[in-house]
Amino acid sequence: MSIAIEKIRRDFQILDQIVNDEPLVYLDNAATTQKPKQVLDVLRHYYEQDNANVHRGVHTLAERATAEYEASRDKLKDFINANSRKEVLFTRGTTTGLNWVAKFAEQLLQPGDEIVISIMEHHANIIPWQQAAAKTGAVLKFAYLKDGELDMADLVDKMTDQTKFVSITHVSNVLGVINPVKEIAKLAHDHGALMVVDGAQSAPHMAIDVQDLDCDFFTLSGHKMAGPTGIGVLYGKEALLNQMDPIEFGGEMIDFVYEQTATWTELPWKFEAGTPNIADAIGLGAAVDYLTELGMANIHQHEQELIDYVMPKLREIDGLTIYGPKDNHRRGGVISFNIDGLHPHDVATALDMEGVAVRAGHHCAQPLINYLDVSATARASFYIYNTFADCDKLVEAITLTKEFFKHGTV
Ligand code: PMP
């Protein structure tokens with residue numbers, strides 16, 4: 001294994017528990033990940049020792065809180081290799097980030113302009129664009145799939161000189177496929193369009209370099225990368241963020257306020273109206289420290305090892321359909337599947353009886369689920385603390401589930 005798994009598991013006390021008389025095997029990491037004690041300690045320390053409002057106070061606690069909050073921004077800047085801390089906006093998560101970008105799109109889009117996304121997008125990367133299109137008269141276009149992956153030829157086909165925004169997920173939360181977003185950014189730019197990357201499922205699992213990707217916007221969610229819920233980052237190129245109107249108005253984001261008008265402060269605070277989610281931003285910084293110490297390349301390698309280990313075993317199970325790319329190395333740590341004749345909710349419930357936590361449903365990707373012509377899928381997804389033994393347990397639990405529903409007993 002490329003990371004010290006036993007040591008890591010000791011940091012995640014939550015994993016050490018019995019669920020339905022079985023040791024917990026947590027495989028719902030694409031929904032949310034567990035938090036190591038290092039992150040929980042930082043949150044507790046912040047509330048016990050440093051809690052104060054940021055940016056406003058001159059007293060010691062306010063200075064400490066501000067320093068920790070802004071230090072966390074610097075950690076996130078380094079984590080995604082942004083050019084400047086001004087480009088790192090704290091948000092509630094990926095959903096907020098994508099909504100903000102789509103609001104910016106409303107500033108720019110004209111009737112007949114085009115937005116290109118893919119059929120594998122999460123609702124968070126569909127509905128804001130539907131709204132932007134409806135408000136501006138722009139057209140929302142979809143690129144479809146080939147062999148469980150994005151059909152690049154179709155994507156190229158969908159881009160025209162009218163295309164103003166291309167917004168694609170880096171890693172699909174259903175198919176698991178890793179999309180070539182750097183290549184797509186180049187294509188988007190060749191058409192004069194801006195490139196938006198939904199990084200909710202990539203930033204937790206692989207090294208991200210927004211400058212190398214040359215994307216214009218990138219979003220991530222803290223809770224999917226060992227950090228707290230309710231905090232995330234929207235990265236945007238500085239020049240674009242300067243053009244972008246604030247989304248919310250109030251304290252913290254102003255320069256001067258007059259009776260009838262106001263002016264905005266500089267980046268990044270122009271977008272952070274009101275008291276921010278200080279503690280969780282600091283907690284996210286602690287998560288970044290934790291992941292960085294493990295090494296993002298090692299994390300990616302670890303998940304590849306799990307995928308390489310489990311996929312052949314899963315593919316051997318009769319009646320099991322697996323979605324997504326054939327090539328394991330084009331897949332992150334996400335496996336969506338169905339068992340012939342069984343509803344994925346029943347599968348997930350049966351796996352839970354074996355202590356295995358997976359998700360079932362449409363995974364906030366209904367257009368994809370319709371396109372795949374299924375009602376739902378079950379989904380297992382890995383993170384840094386998952387082991388080969390977890391993989392074995394998944395395979396065993398699926399096999400038992402099949403038997404159970406065949407014979408009504410095991
Ligand atoms: N995009 C993708 C690909 C996701 O997997 C998710 C979370 N399931 C989101 C966007 C939305 O993230 P959040 O709910 O943290 O805002």
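The values are calculated or read from the model by the stated rules, or taken from the named source; none is laboratory data. These numbers come from a predicted model, not from an experiment. Please note: Cβ atoms are built from the backbone with ideal geometry, for glycine as well, and neighbour counts cover all protein chains shown. Side chains included, ligands, DNA and RNA excluded: accessible areas come from the protein's heavy atoms. Shrake-Rupley method; radii C 1.70, N 1.55, O 1.52, S 1.80 Å.
Values for this structure:
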| item | result |
| --- | --- |
| Phe79 being out of contact with any Lys or Arg (no Cβ under 7 Å at 6 or more places or on another chain), under 29 Å from Leu291 (Cα atoms), touching a residue at least 40 places away in the same chain (Cβ under 8 Å) and open to solvent by 10 Å² or more (accessible area, probe 1.4 Å) | yes |
| Residue match in the stretch 54-64 (condition: in a helix (DSSP H, G or I), open to solvent by less than 30 Å² (accessible area, probe 1.4 Å), out of contact with any Gly (no Cβ under 7 Å at 6 or more places or on another chain) and without any contact (Cβ under 8 Å) to a residue 12 or more places away in the chain) | yes |
| Check on Leu140, assigned to a helix (DSSP H, G or I), under 29 Å from Ala31 (Cβ atoms) and more than 16 Å from the ligand (Cβ to nearest atom) | no |
| Residues being in a loop (DSSP other than H, G, I, E, B), out of contact with any Lys or Arg (no Cβ under 7 Å at 6 or more places or on another chain) and of a type outside the set (Val, Ile, Thr) - total across the stretch 355-407 | 11 |
| Residue selected from the stretch 353-392 under the condition of a type in the set (Phe, Trp, Tyr) and open to solvent by 60 Å² or more (accessible area, probe 1.4 Å), by the criterion farthest from the ligand (Cβ to nearest atom) | Phe388 |
| Residues (part of a loop (DSSP other than H, G, I, E, B) and within 16 Å of the ligand (Cβ to nearest atom)) located in the stretch 1-48 | Leu27, Asn29, Ala30, Ala31, Thr32, Thr33, Gln34, Lys35 |
| Tabulated pairs, the stretch 90-114, first on the phi > 0 side of the Ramachandran plot, second assigned to a loop (DSSP other than H, G, I, E, B), C-beta under 8 angstrom, 6+ apart or interchain | Gly93/Ala200; Gly93/Thr229; Gly93/Gly230; Gly93/Ile231; Gly112/Gly137; Gly112/Ala138; Gly112/Gln162 |
| Filter result for Thr229 (within 16 Å of the ligand (Cβ to nearest atom) and open to solvent by 60 Å² or more (accessible area, probe 1.4 Å)) | yes |
| Among residues of the stretch 16-39, those that are without any contact (Cβ under 8 Å) to a residue 60 or more places away in the chain and either of a type in the set (Lys, Arg) or surrounded by 15 or more Cβ atoms within 10 Å (Cβ to Cβ) (or both), counted | 1 |
| Lone qualifier among Val196, Val233 - being under 12 Å from the mean Cα position of the chain (by Cα) and aliphatic (A, V, I, L, M) | Val233 |
| For Pro312: the one exception among (1) outside any helix (DSSP H, G or I); (2) under 24 Å from His205 (Cβ atoms); (3) more than 20 Å from the chain's Cα centre (by Cα) | (1) |
| Extreme residue, farthest from Lys313 (Cα to Cα), among residues of the stretch 397-410 that are open to solvent by 10 Å² or more (accessible area, probe 1.4 Å) and touching a strand residue (DSSP E or B) at 6+ places or on another chain (Cβ under 9 Å) | Phe405 |
